[in-house]
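The values are calculated or read from the model by the stated rules, or taken from the named source; none is laboratory data. Fair warning: this is a prediction, and the values are worked out from it, not measured in the lab. Counting neighbours? That spans all protein chains shown, and the Cβs are built from the backbone with ideal geometry, glycine included.
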Amino acid sequence: MVEYTEKIREIAKRLLQECKVDAVLGFRSGTIPMMNEPCFVREPEEVDRLIWDSNCGINLCNYLTDRKERIGVLAKGCDSRNIVTHIVENKVDRDQLYVIGVPCQGMIDKKRITAMFEDEVEAVEEKGDTLQITAGGKTSELKKEEVLQQNCSVCIHRNPVIHDEMVADPVPEQEDVDRYADVREIEAMSTEDRWAFFDKLLEPCIRCYACRNACPLCYCPTCFVDESRPQWVGKSQDSDDVRTFHFLRAYHCAGRCTDCGACERACPVGINMRVFTKKLEKDCKELFDWEAGMDPKSRPPLDVYRPEDPDDFIR
Amino acid sequence: MTTFQLDSDRLTEGIDRLHGQYRVIGPVAEGRFHNFRPLQPGQKPDFDFRNTRMSAKQLVYPQSQVMAEYHLDETREDSHILKEVLPDETPRAVFGIRPCDADAFGLVRRNFDTEEYKDPYWIQAYERATLVGLACEDPCRSCFCTSAGSGPYSTGGLDALLVEDPDGGYWFQSLTEKGERLREAAGWKEEAGSGVEDTIAERKKAAESRIVSQVHTDQLRNQATLDLYEAPFWEDVAFSCINCGTCTYLCPTCWCFDIQDETHGKKGCRMRNWDSCMYPLFTLHGSGHNPRGEKIQRVRQRFMHKLKYYVDKYDNGIQCVGCGRCVQYCPVNIDIRRVCELMNQRGSTGAACEV
């Protein structure tokens, strides 16, 4: 994917020079291995800051909420689906966006790669499907597909669903992917085991809210955990309050989450809170045959009523 | 100062001997990282880490702490009275603190222990703790402690220091009376051979040379506060920030808190919880006005506090020990080293940012 960089700069420069957009939203190179920083480029002379590689896992749609400028935005499959959701939910106007589609082959999992090496990872270089990792002065190779973020390894929408221009030809979509093996495992647990699993999962949570704040869906002006009149949730490390935050946030994302993985990626203590949103994604697929963010003209299932909606729960 | 020699077994035996007199705390592996946890008798501290994910700050200043409680059970005499809850006074022995985290206690103390205000919770917790550091042989590439007033062998804030010897054992040095009492209680008596101090000094130098990252802070005091405050770079610095609390909660020197009252049926408590200047709620007034309602204001506040206001107020360096946690775990890669250079170089020409 590194070869996209030149093309991205070319498109960004053209859009800025022709005043088609006020700014281009993309990534600039990070200061540590396996990290890039979202950035806003306003001048044609600045486009060389833009880069692309397998460390662009932050969902850029998160930076579009309520902005008024005309923006050229780089969009992977997941970003584009969140942009669609934003358009449906009136958080951004389609006309103010120039969507630069980026066919994606998955982002790499920094936490996993870090854990694979005894020494600190000093540098990661991408060569096609291979990563050259330098740690402790020694360079070794990893196959990129073996160290993808888990959400990317089961992604079935790598190509943007809307775009005004593509950076490259679409990539083949992954087929025969079992998206919900982990969710089924949890569904199969007894109630007690499941509760214990959730407790263990959430135990390290420090309530930094990085998951919520990295999520493009979490744009409420005041999140329910931040309400003070009335205050719905306590602020301490009490496990009931921690659980309340995670469970309610997940439900609020039902039918809207694209499993972009920004939440898990952002978490400083390694919690995979995606198991909650994925369960809801699976339910939406099974109950409503719904995938989030595929069509700017359809509203999410929990937002609309259809006579054929399943109602077996009414007894 | 006498240096004592411990092989790995003697270290474990000595730590075990402390149970009963001390609550023993040390680093424990939790999934892919380490954190400080109480150690059970027989449990070894796990020193196979570069640094703990959460800093040692929480040992003295827990994320949530009950300060006072009450109940409405009228069958008991003390009903309807809000009573202070002081923490457990058992002495604590903490093993494996990295020198950067220990130095951070000195910085935080300037806030919690002043002429004017004395925070009993922080002071008591700090005073009942004996902090045994673990010299840092393998610093991370994002560590910049040596240019932030600390270092891989720094002893500020520590009561004793452990240095790994090349044979898999440790050298132990008491730095305070508390450290010496702990050594006696642990029964560590075997003095290291002559020349060990020189060896340790050499290793210290070698460890310091492995710190590859640094910040420049020499111009921060000279900068005009308002000029820095209004500098044009804040928009670019703040752009990617998602306003989570990762940097502040992982930081060993961030000290801000919020006080909350919680009610559960017929009892309740007043507690304090860590708070973060990254959160809009941190500064929200009762009137509804928020003086730092915009993200750029909050990001600026964090860096101005650490790298300008603190510097000006205490004339004792920056409010940062260079542990590198915020650099490594910021979800969007906002790098304090880069911001520090921007602030330090403001107004000068020709200087280039190193990170």
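Got at least one residue in the range B:29-46 being in contact with a Ser or Thr (Cβ under 8 Å, 6 or more places away or on another chain), assigned to a helix (DSSP H, G or I) and touching a residue at least 24 places away in the same chain (Cβ under 8 Å)? Within the range B:29-46, none of the residues are in contact with a Ser or Thr (Cβ under 8 Å, 6 or more places away or on another chain), assigned to a helix (DSSP H, G or I) and touching a residue at least 24 places away in the same chain (Cβ under 8 Å). Every listed requirement among (1) over 23 Å from the mean Cα position of the chain (by Cα); (2) assigned to a helix (DSSP H, G or I) is met by B:Gln5 save one, (2). Screening B:Tyr70 with (1) within 14 Å of another protein chain (Cβ to nearest Cβ); (2) outside any loop (DSSP other than H, G, I, E, B); (3) crowded, with 17+ Cβ neighbours inside 10 Å gives one miss only, at (1).
So that you can scan it fast, the table gives a plain yes or no per residue for (1) at pLDDT below 95; (2) among the basic types (Lys, Arg):
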| residue | (1), (2) |
| --- | --- |
| B:Thr248 | no, no |
| B:Pro252 | no, no |
| B:Arg270 | no, yes |
| B:Tyr279 | no, no |
| B:His289 | no, no |
| B:Met304 | no, no |
| B:Asn316 | yes, no |
| B:Arg325 | no, yes |
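Scanning the range A:284-315 for residues that are at positive phi and out of contact with any helix residue (DSSP H, G or I) (no Cβ under 8 Å at 6 or more places or on another chain) yields one hit, A:Asp289. For the range B:52-106, the set of residues classified as closer than 24 Å to B:Arg183 by Cβ and among the hydroxyl-bearing types (Ser, Thr, Tyr) consists of B:Thr52, B:Thr90, listed by residue number. If only residues of the range B:21-67 that are within 14 Å of another protein chain (Cβ to nearest Cβ) and among the small types (Gly, Ala, Ser) are counted, the one that is surrounded by the fewest Cβ atoms within 10 Å (Cβ to Cβ) is B:Ala29. When residues in the range A:188-232 are screened for being in a loop (DSSP other than H, G, I, E, B) and either more than 22 Å from A:Ala254 (Cβ to Cβ) or within 12 Å of another protein chain (Cβ to nearest Cβ) (or both), 21 of them pass. Scanning the range B:51-94 for residues that are more than 23 Å from B:His19 (Cα to Cα) and aliphatic (A, V, I, L, M) returns B:Met54, B:Val66, B:Met67, B:Ala68, B:Leu72, B:Ile81, B:Leu82, B:Val85. Taken over the range A:115-140, the criterion of being touching a residue at least 12 places away in the same chain (Cβ under 8 Å), within 11 Å of another protein chain (Cβ to nearest Cβ) and outside any strand (DSSP E or B) is satisfied by A:Met116, A:Glu118, A:Asp119, A:Glu120, A:Gly136. Of the residues making up the range B:295-325, those that are part of a helix (DSSP H, G or I) and under 11 Å from B:Leu220 (Cβ atoms) number 9. Among the strands (runs of 3 or more DSSP E) confined to the range A:1-75, the ones with at least 3 residues that are more than 10 Å from chain B (Cβ to nearest Cβ) and under 18 Å from the mean Cα position of the chain (by Cα) are located at A:71-75. So which of A:Ile100, A:Ile71 is buried (at least 23 other Cβ atoms within 10 Å of the Cβ), assigned by TED's automatic domain parsing to the domain that holds A:Val2 and touching a helix residue (DSSP H, G or I) at 6+ places or on another chain (Cβ under 7 Å)? That would be A:Ile100, the only listed residue that is buried (at least 23 other Cβ atoms within 10 Å of the Cβ), assigned by TED's automatic domain parsing to the domain that holds A:Val2 and touching a helix residue (DSSP H, G or I) at 6+ places or on another chain (Cβ under 7 Å). Across the range A:243-251, not a single residue is classified as aromatic (Phe, Trp, Tyr), modelled with pLDDT under 95 and not assigned by TED's automatic domain parsing to the domain that holds A:Gly77. Among the residues of the range A:268-291, which ones are surrounded by fewer than 24 Cβ atoms within 10 Å (Cβ to Cβ), farther than 26 Å from A:Pro160 by Cβ and within 13 Å of chain B (Cβ to nearest Cβ)? Passing the criteria: A:Val269, A:Gly270, A:Ile271. Output yes when any residue across the range B:188-202 is more than 28 Å from A:Glu122 (Cα to Cα), surrounded by 18 or more Cβ atoms within 10 Å (Cβ to Cβ), in contact (Cβ under 8 Å) with a residue 60 or more places away in the chain and of a type outside the set (Gly, Ala, Ser), and no when none is. Yes: one or more hits.
Conditions tested, residue by residue: (1) acidic (Asp, Glu); (2) modelled with pLDDT of 95 or more; (3) under 21 Å from the mean Cα position of the chain (by Cα).
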{"site": "A:Cys104", "(1), (2), (3)": "no, yes, yes"}
{"site": "A:Lys110", "(1), (2), (3)": "no, yes, yes"}
{"site": "A:Asp119", "(1), (2), (3)": "yes, no, no"}
{"site": "A:Glu125", "(1), (2), (3)": "yes, yes, no"}
{"site": "A:Gln132", "(1), (2), (3)": "no, yes, no"}
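Of all the listed residues (B:Asp218, B:Asp258, B:Asp227), the sole one being assigned to a loop (DSSP other than H, G, I, E, B) and of a type in the set (Asp, Glu) is B:Asp218. Determine if the range B:81-93 includes at least one residue that is buried (at least 22 other Cβ atoms within 10 Å of the Cβ) and either of a type outside the set (Lys, Arg) or modelled with pLDDT of 95 or more (or both). So far as the range B:81-93 goes, yes, one or more of its residues are buried (at least 22 other Cβ atoms within 10 Å of the Cβ) and either of a type outside the set (Lys, Arg) or modelled with pLDDT of 95 or more (or both).
In the set (1) part of a loop (DSSP other than H, G, I, E, B); (2) more than 18 Å from the chain's Cα centre (by Cα); (3) within 14 Å of another protein chain (Cβ to nearest Cβ), A:Ala168 fails one condition alone, (3).
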